[in-house]
Structure formats: structure tokens, C-alpha cells
1. Checking the condition touching a helix residue (DSSP H, G or I) at 6+ places or on another chain (Cβ under 8 Å), more than 8 Å from every other protein chain (Cβ to nearest Cβ) and at pLDDT 95 or above, which residue from A:V150, A:V127 passes?
2. If you take the residues in the range B:206-226 that are of a type in the set (S, T, Y) and outside any strand (DSSP E or B), which one is nearest to B:R83 (Cα to Cα)?
3. Please go through the range B:85-101 and give me each residue that is more than 7 Å from chain A (Cβ to nearest Cβ) and surrounded by fewer than 18 Cβ atoms within 10 Å (Cβ to Cβ), ordered by number.
4. Please report, ordered by residue number, the strands (runs of 3 or more DSSP E) entirely within the range A:1-115 with at least 1 residues that are of a type in the set (S, T, N, Q) and at pLDDT below 95.
5. Just for the range B:59-75: of the residues that are more than 7 Å from chain A (Cβ to nearest Cβ) and among the small types (G, A, S), which one is most open to solvent (accessible area, probe 1.4 Å)?
6. Name the residues in the range B:184-205 that are open to solvent by less than 20 Å² (accessible area, probe 1.4 Å), assigned to a loop (DSSP other than H, G, I, E, B) and more than 25 Å from B:A144 (Cα to Cα), would you?
7. Six or more apart or on different chains, Cβ under 8 Å: which pairs go from a residue in the range B:168-181 that's basic (K, R) to one that's surrounded by 23 or more Cβ atoms within 10 Å (Cβ to Cβ) and modelled with pLDDT of 95 or more? Could you list them?
8. Can you go through B:A114, B:A91, B:A79 and tell me which one is closer than 18 Å to B:T167 by Cα, small (G, A, S) and in contact with a His (Cβ under 7 Å, 6 or more places away or on another chain)?
2 protein chains.
Amino acid sequence: MGRTIFSGRWCHGGGERMNTDLFEIIRTTRSMRRLKPDPVPPALIRQVLEAGTAAPSGGNMQAWRFLVVRDPAIKTAVAQWYRRGWHEVVAPRYRSGAPAPGSSRERFDRMLAAAEHLAEHLHEAPVWIVPCLEGGTHTRTSGASIYPAVQNMLLAARALGLGATLTTLYLLFEKEAEAALGLPEGTHSYAILPMGYPLGKFGPVARTAVEDVAFSDRWGERWTEG
Amino acid sequence: MGRTIFSGRWCHGGGERMNTDLFEIIRTTRSMRRLKPDPVPPALIRQVLEAGTAAPSGGNMQAWRFLVVRDPAIKTAVAQWYRRGWHEVVAPRYRSGAPAPGSSRERFDRMLAAAEHLAEHLHEAPVWIVPCLEGGTHTRTSGASIYPAVQNMLLAARALGLGATLTTLYLLFEKEAEAALGLPEGTHSYAILPMGYPLGKFGPVARTAVEDVAFSDRWGERWTEG
């Protein structure tokens, strides 16, 4: 069922042979933007959601709600706003800009091609999880009570052999997209996580070195282990 | 060295006996607010930071910077704003409100006592990681490019036997606290993660059931596995 076998440490438990080592999962949870349309068993969706709800939130208040979307009509209606955001705003910006730090032009172009694929096929992902927050003021730190849950879900999905992506770009058309999602007044979505069995393979993420992004005590003072 | 042994699946690798099963780690990554002052080996800080940098960010742009604070003078200066935020705003609000969903009054009061302890001892945590974003507009979705990294770091810390907490409440005094952290113009912090060997034990988190927070296709329509 799309379970990927890869090198690293092995855990023995539950009669299954499956690498669920945290560090290996973290190291290989890439955004998977090309997905098969095959349905995802509800038992796996549950495991992903449970991982989400284990995350921290301000005062443990868990104002999160997770909309699990499988209805093709809803996905199709929302996906058109995603596609517009991609074609009109995001794609032109990335194509004219520099590649991501730690990435090559070629690798970055491959990412853009995958993102373009996602824009065309988002509605075909068998299941979306849409993490929302009820009420509150929605400041720049309100994400502290929802994106940790998102990351838990991405890691859990990957450990279960499911590909997923964290995307927010449909929010360029927030009003229209959230109306198509049927969100009530005062509730806002923070991402769409399209999820399904991946067409490609999991693999290590490409990032800049820790030394290039960590400072020691004072801004600009490079952190080093030594 | 503060490593916690607990039930569950065991991984065999690197000559160590240590449970790093993703689902077990997710299930037991509680906010650890009572920490020993013992220093944290830089090799562990590196593993935590590496886990952070493996997270996704918008367009993989990694505009994150991680300020690793060990200097007691800086911690003391920032902690006073945290303490004021706790005593003047947050503690009165939580004490007069209902306990967190899925928690009892007693358990919630224990959490508040731990948070009060943190307010008094924040500067004594041996190391803080302060995740920041450079530039950008800092909207409610900018957290999508930093809190996934935060969650990776919390999980990695826990897997290494380190306790940590995600807290944002010092940002009630954002200007003063970020000046004390020495952040440059246009850069903002999104949390403080005080980190160290925990005084207490790791254990399962207390949360509401998935069925109470997940909807199927339409808002208010309960998601069930069946």
C-alpha cells in the first residue's frame, strides 16, 4: 500500500517492518506534490489526525478544527483559487527570482515543476486536511497554535507512506476559498494539506547548513558546535 | 544524562538503547516547564537545530534564523518581560477561565503551576532557541514558515531526553523583549524555546478526541473512521 522501504534504523514492533525513527522521518519528509488518486484508508487518516492533536497549542486550548475534505465538488471549487494564486502571483515571482538557499537552479526548477503539477491536480488528491482555528485574533503568532499540529501531521503521513504538502497560497483568495470550504464566520483556515500515496520517492530534504542560520547569543555571531 | 526510558518500541542503532519511534515521541512530547540548570551538550543542540532546518518553509526559502541564547545577562533581561506578561495578563486570564478541553481542573491547575514556575525560572534554563524570520510581512500565515521548524525541534529535543516548551507570551512586550534579544530591524522572533534536562518525567499528552475536532467535508459534520 505504497509503503516505502529505505535505509536507516529499523524498528521492530506491531509485526511490521517499517522505519519510524524520528530523525530519519524528519530528514526525509519532503513536500510530495505528485500524488496518486488512490483512496487513503480512514485508519491512516485517523493516525495523521491523532498526531496533529498531540501538538502543543497556547494554554493547551486546542482551538483547532480539522476539516477532512474528500468531496470532489468541494476540492474542485477550492482548487480553482489555488490555481489562480499559483499562475497569477506565485509562479511568476519564483520563476524570476533566485533559487531557494541550499538548492541549485536545476533542483529549484524541479520543485517549481512539481508545484505546477500540484496546481493542476490539487483537486485529484484523494484527501485534504484543512487545519483551522476557531475564534481568536489571528495575529502572526496565532500560527503557534496550529502549525505545530500541521508538522506533526506531515511527519505522521510520511511515516505511514503518505505524501503531503503544506500550502497556504490559496489564501491569496482567502474570502473566496474559505467560502468554498464552507468555513463559518470567525473561523479561519491556515493551510491545505493535500495527501495521498506519492508517485515519487521520499528522500532527504535540501537545506542550508545549520551554521548559516544559527547565531550564538548575539545576532550575526555564528553558532558553532565546537 | 537525563535520558528517559519508557515503554513502546525500541530502535537498535548507534549502539544506544533509546526509543525514537515517531508516534511514541509525538504522543509524549509534553511541554516541560521545569528544567535543570545543567548545560546541554552542543552536539545535542546541533541535532535539535538540524531537525528544525529540515522543516518546510514557503518556497523552501528558509528565511529562518535561530538565535541560540546561553548568555545569562540576555536571558535575565528578556525573562523580565516574560514574567510581566505572565503575571499581568496570562495568569489572571487562565485562572479565571475554564480548564483546557480534555483536561481536568486539577490537571489544568498543575499546568498553571508549572507555567508559574517557568515564569520565575525562565532565565535559568541552560539554553534557549529563539526562532526568527528575516524580512517578510509577518501575517497570520507567516508562521507556516517557522512553527513547523519549531515542532521539529521540540520533537527532536524530546527524543534526545531534553525538555522544552513553546512559548510566545513574552511577545506581549514585543518591542522591549526583541530589543533585549538584540534582533535587527525587520527581523522578528516567533517564540522562545527554553530547553534543558527535565526535572519531571515525560508522559502522554492530554488532548480531546479526534472526533471532537475533525469534520468530514462539511463544517459541523463529525469525522469518523467508520
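1. Only one candidate qualifies: A:V127.
2. The first filter runs over the range B:206-226 and keeps only residues of a type in the set (S, T, Y), leaving B:208, B:216, B:224.
Restricting the remaining residues to those that are outside any strand (DSSP E or B) gives B:208, B:224.
On the way: B:T208: 29, B:T224: 42 Å.
Ranking the qualifying residues of the range B:206-226, first place goes to B:T208.
3. B:H87, B:E88, B:V89, B:A91, B:P92, B:R93, B:R95, B:S96, B:G97, B:A98 - these are the residues of the range B:85-101 that are more than 7 Å from chain A (Cβ to nearest Cβ) and surrounded by fewer than 18 Cβ atoms within 10 Å (Cβ to Cβ).
4. Working: elements: A:11-13, A:16-18, A:64-69.
Output list is empty.
5. The extreme case among them is B:A73.
6. Initially, the range B:184-205 is screened for residues open to solvent by less than 20 Å² (accessible area, probe 1.4 Å), giving B:187, B:189-198, B:203.
Checking which are assigned to a loop (DSSP other than H, G, I, E, B) leaves us with B:190-191, B:197, B:203.
Result: B:Y197, B:G203.
7. Qualifying pairs under 8 Å: none.
8. Among B:A114, B:A91, B:A79, only B:A79 is closer than 18 Å to B:T167 by Cα, small (G, A, S) and in contact with a His (Cβ under 7 Å, 6 or more places away or on another chain).
The values are calculated or read from the model by the stated rules, or taken from the named source; none is laboratory data. Note that the structure is a prediction, hence the values are computed from the model and not measured. We place every Cβ from the backbone using ideal geometry, glycine too, and count neighbours over all the protein chains shown. Note: areas computed on protein heavy atoms with side chains; ligands, DNA, RNA excluded. Shrake-Rupley method; radii C 1.70, N 1.55, O 1.52, S 1.80 Å.
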